[in-house]
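The values are calculated or read from the model by the stated rules, or taken from the named source; none is laboratory data. All values reported here derive from a predicted model rather than from experimental measurement. Quick reminder, even Gly has a Cβ in these numbers, built from the backbone with ideal geometry, and neighbours come from all protein chains shown.
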Amino acid sequence: MKQKNIRFSLLALAVILGAGSALATTVKTSNDRAETQYYWTGTGYAVAGVEGYDYVCQWAQYEACTYVFDSATGTYKRSKYGKISFLR
């Protein structure tokens, strides 16, 4: 009986931690997408547009697809990895 309670407790803990991790990841991703996305033009940064409508990020191992502007430091930080491909 005691073993059943321990097993149930561990299973419940695993489910709760999994759901919490999924929620935390979703919230972080949503915040990044709400910010204006920029791409590197070769000489500066330009507004990328709407992902899935104006551009998509294709897989690329070491390239950065889009950046966000960090107003606290005044720099652009990588937001998403990949190679940017414009749809329109």
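If I filter the stretch 29-52 down to residues being surrounded by fewer than 10 Cβ atoms within 10 Å (Cβ to Cβ) and modelled with pLDDT under 90, which single residue comes out as farthest from Arg88 (Cα to Cα)?
Ser30
Going by the structure shown, is Arg88 modelled with pLDDT under 90, of a type in the set (Lys, Arg) and either in contact with a Phe, Trp or Tyr (Cβ under 8 Å, 6 or more places away or on another chain) or loosely packed, with under 10 Cβ neighbours inside 10 Å (or both)? Spell out how you get there, then give the answer.
On the way: modelled with pLDDT under 90: yes; of a type in the set (Lys, Arg): yes; either in contact with a Phe, Trp or Tyr (Cβ under 8 Å, 6 or more places away or on another chain) or loosely packed, with under 10 Cβ neighbours inside 10 Å (or both): yes.
Yes.
Name the one entry in Val68, Val56 that is surrounded by fewer than 17 Cβ atoms within 10 Å (Cβ to Cβ), part of a strand (DSSP E or B) and at pLDDT 90 or above. Before you say what the answer is, go through the steps one by one.
On the way: Val68 fails: surrounded by fewer than 17 Cβ atoms within 10 Å (Cβ to Cβ).
Every option except Val56 fails the conditions.
Please work out which one of (1) part of a strand (DSSP E or B); (2) in contact with a Gly (Cβ under 9 Å, 6 or more places away or on another chain) is the condition Ala46 fails and give its number.
Failed condition: (2).
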